[in-house]
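Reading through the structure tokens given below for one structure.
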Amino acid sequence: MNPLLRIEDLHVDIPGAAGVLRALRGVSLTVNEGETFALVGESGCGKSLTAMAALGLLPRAARMRAGRLALDGQDLTRFSQRRWNALRATQVAAIFQEPMTALNPVLTIGRQMTEAYVQHGLGSETEARRRASELLERVGVLPVGRRLAQYPHQMSGGLRQRVMIAMALMCRPRLMIADEPTTALDVTTQVEILRLLQELQRDTGMALLLITHDLGVVAHVAERMAVMYAGEVVETGPVAQVVTQPAHPYTAALLRCLPVQATRDRPLVPIPGVVPALFGPLEGCAFRNRCALAGEDCAGSIPWRERAGQGYRCLRDEVPA
Amino acid sequence: MNPLLEVRNANLSFPTRRGLFGRGTAVPVLRDVSLRLETGQVLGIVGESGSGKSTLARLVLRLLKADSGAVLIDGQDHRDLSPRAFAAAVQPVFQDPYSSLNPKRTLAQILEMPLVLAGDFVAEERRTRVRAMLDRVGLPQRLLHSYPAQLSGGQRQRVAIARALMVRPRLLICDEPTSALDVSVQAQILQLFDELRRDFGLTCLFISHNLAVIERIADRVGVMYRGQIVEDGEGRTFFAGPQHAYSRLLLSSTLPPIPGRPLPDVARPWDAN
């Protein structure tokens, strides 16, 4: 497996009125060529911010430092705005949760799909039109001729997400970053979009960094995953291992509070308490105030540990599932 | 005995925008919807967006009017109840606790308002009830004079539930009450619903697109598709063997966190034309 996206020790601070928010605190992860890697966690854990850093789209006020941020060997930490633009047009594409806000409401689908392609000199207007038509056909936005002339509001949520995917594919990306791409969709539409993404990956060999809070989606489409909590990766490993034998108490707690069909008699166990505020330095394990296994030793520094392909940041050896 | 809530053959359509001439066409949103909800039960309504779930909730809440059919609360047409009597009987909890709470009022004011409107309580009694309700839904007393903006999403939804319960309504209409919440917070709110059912004998119409949530909370399930209830039945029976093709599709489309399974087939053969 060749690493495509490598993030090592990524820190992002966001200064604000209430102080400096330490939004990302040493995130490391690697997405290999062609694989689906899921980044999982609850609101505010930093999963979207991690993706934004990999896209060069951090908020203006954010201060970033990273041991490494590299795509296919290119050091992104030294990229100028112009090189980021070129990278996003040719190698990395992104789709987001709400296609209605990601699409421009006053431009036709055809215009939006071809604009960047032409601007970055990937081909002529005619070639861009042809590619847009092919891709809409491929993702099932039919009839293509009529759809190209339509505006986003004339389509359903599922269709708009298909348009976003087609648009993301215009420039043949090697990595697609999908931030909660199916969260706003109905369950049946969600399955359709996930199937489409899988097929497109098979066809094009692109890698997918899937950001989601939904462990059911992760289990069905991703090969490897990382679980984030309070700006840190707390566990990473193959999906089949992480969701069946979580090594970090937070992963285990997330699985215990998830309602799953046909398990009505298994009690749901809510996670007590709230996520700590990320202002100022945070000592020890960020999850310890909500963790049933926490002891005094959890207030000290917690090493990153590895076991059977899983990496995790926890002192405990046994985590009840 | 009358069911607490009965919807009888309700039809409702929204007009499309009219042209210069002509009357535009009407889009049917509820088509001959009938349901019964007995005291103490939770009826879960599932279905995809646009199936009419929220329209049904808004109809029961008198926010919309049916073209034909009736909504009965304890045998009485809900349109015949005075606003005060209706508010005392039926209360809503909506999906988004960020938009359903007035940002300019403190928790104390938000929770007191239903009692002020009901009119039967002196100030001292209102305050006592507000404090008791905070405890009941698991909100600390120190938040009494906080504004919604100072609360987390889960805390806000607790406030919305508390507000709905202040007048001890007989029926709660919940439209996707956990859908905007993180799963760890959702579990807290579902647990709260369990406790409230036990303590208050709550009767509840609970709308959700999440079947796993409905399976946990509902005694009965109704499936809506294109404005119709295409299947309804006792919860366990329904989940053990859904009869309607759309119910089966819905059930097979939910993705449990179990690795190694392929994505399900979600074709709709009945829609092929």
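How do the helices (runs of 4 or more DSSP H) wholly within region A:1-117 filter down when requiring 3 or more residues that are surrounded by fewer than 21 Cβ atoms within 10 Å (Cβ to Cβ) and polar (S, T, N, Q): which remain? Walk me through it before giving the result.
On the way: elements: A:47-55, A:81-90, A:99-102.
Fully inside region A:1-117 and qualifying: A:81-90.
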Filtering region A:68-82 down to residues that are among the charged types (D, E, K, R) and at pLDDT below 95 yields A:D72, A:R78, A:R82
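To keep it simple, each residue is scored yes or no on (1) closer than 24 Å to A:L71 by Cβ; (2) at pLDDT 95 or above; (3) in a strand (DSSP E or B).
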position: A:Q150; (1), (2), (3): no, yes, no
position: A:M164; (1), (2), (3): yes, no, no
position: A:C171; (1), (2), (3): yes, no, no
position: A:T182; (1), (2), (3): no, no, no
position: A:T189; (1), (2), (3): no, no, no
position: A:L208; (1), (2), (3): yes, yes, yes
Exactly one of these conditions fails for A:P152: (1) touching a Lys or Arg at 6+ places or on another chain (Cβ under 8 Å); (2) under 27 Å from A:A53 (Cα atoms); (3) not polar (S, T, N, Q). Give me its number. (2)
Can you spot a residue in region A:228-238 that is under 25 Å from A:P99 (Cβ atoms), more than 7 Å from chain B (Cβ to nearest Cβ) and of a type outside the set (V, I, T)? yes
Of the conditions (1) within 7 Å of chain B (Cβ to nearest Cβ); (2) within 30 Å of A:V20 (Cβ to Cβ); (3) of a type outside the set (S, T, N, Q), A:P272 fails just one. Which one is it? (1)
From the set of residues in region A:185-202 that are crowded, with 22+ Cβ neighbours inside 10 Å and more than 15 Å from A:I95 (Cβ to Cβ), which is nearest to the chain's Cα centre (by Cα)? A:V191
Among residues belonging to region A:179-200 that are aliphatic (A, V, I, L, M) and under 19 Å from A:G34 (Cα atoms), point out the one that is farthest from the other protein chains (Cβ to nearest Cβ). A:L200
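Mind checking which strands (runs of 3 or more DSSP E) fall wholly inside region B:23-122 and carry at least 1 residues that are loosely packed, with under 15 Cβ neighbours inside 10 Å, over 17 Å from the mean Cα position of the chain (by Cα) and without any contact (Cβ under 8 Å) to a residue 24 or more places away in the chain? Quick ask: steps written out before the conclusion?
Details: elements: B:26-37, B:42-46, B:68-73, B:90-93.
In region B:23-122, the matching strands (runs of 3 or more DSSP E) lie at B:26-37.
Kindly indicate whether B:F14 is at pLDDT below 95, over 28 Å from B:P148 (Cα atoms) and of a type outside the set (G, A, S).
On the way: at pLDDT below 95: yes; over 28 Å from B:P148 (Cα atoms): yes; of a type outside the set (G, A, S): yes.
Yes, satisfied.
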Only residues in region A:8-35 that are farther than 30 Å from A:E223 by Cβ count as the first member; pair them with residues that are of a type in the set (K, R), Cβ under 8 angstrom, at least 6 apart or cross-chain, and list the lot. A:D13/A:R22; A:D13/A:R63; A:I14/A:R63; A:P15/A:R63
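The values are calculated or read from the model by the stated rules, or taken from the named source; none is laboratory data. On a predicted model such as this, the values are computed, not experimentally measured, just so you know. A quick note on method: Cβ atoms are made from the backbone with ideal geometry, for glycine too, and the neighbour counts reach across all protein chains shown.
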